[in-house]
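The next block holds one structure in the form of structure tokens; read it before the comments.
Since every read-out is calculated from the coordinates, none of them should be taken as a lab result. Since the model is a prediction, treat every value here as computed from it, not as a measurement. Every residue, glycine as well, gets a Cβ built from its backbone with ideal geometry; the counts of neighbours run over all protein chains shown.
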Amino acid sequence: MNEEPPHKTTQGWVLALILVLLYALIFWPKPGQAADTMVGGAGARLSFIDSGERVDYLQREGSIPSPTTNKWWLVIPATSWHEVPKPYNEDNWGIGLEYKFNLQWAAIGGAYENSLSETSVYIGGIHTPAFLQFQLKQLTIKPGTMLSVVSGYSDKLALIIAPTLQMEIEDKVGIDLLVGCKNLRCKKGVIGLSFKFTKGVLE
């Protein structure tokens, strides 16, 4: 069995860090910056001033996402689906937390049983740009990107950058979908699913 040369692993980390820096330069809000963004179709206008603490909204007929009132979410990793026929473990139960700083940025962390039947611990963040979000009645749909460091795969730490889709109902319950690929062609893809709740589900 041939092992991957160390220099390739180093190059992968360097490329990932460069992508992260570019992503931050494009999407990270400037202090005191104001912007108007069209969200959720005709007539929906979102105005926000992101100083790291507050997000202000102007909305018409309730057609844009409302501000997050419950910042802490309990996350339950549940299952996954793998494209390749190799017998992976697809019962990936675990527990985690998500803290929403505002409508667009969240920190995540937790543990779960991974596809190799090992325990993985993860920590990272999720960015869901406001201009991609839209609302269908009580359901808020938030496409975005996850960046995390994960343990438990071949005794190495893995840096993961993956697209995500968050679907949340009335700031109480939701599900997260994550799409992972081992290469740019995504021939060995995986889709992960997690459930999540806030204290609002008890109210």
* Note the full-extension length gain between LYS156 and LEU132 as 0.36 nm times their separation in residues minus their Cα-Cα distance, in nm to one decimal. => 5.3 nm
* To do: Determine, for MET146, MET167, the number of other Cβ atoms within 10 Å of each Cβ, and report the residues in order from fewest to most.
  => MET167, MET146
* Structure fact -> Placing each pseudo-label 7 Å from Cα in the direction of the beta carbon, ILE169 and THR119 end up separated by a distance in nanometres of 3.3 nm
* Taking the Cα-to-Cβ direction at LYS71 and at VAL149 and moving 7 Å from each Cα, how far apart do the two end points lie in nm? -> 2.4 nm
* Asked: Simple spin-label model, 7 Å along Cα-to-Cβ: PHE101 to VAL179 in nm?
  -> 2.6 nm
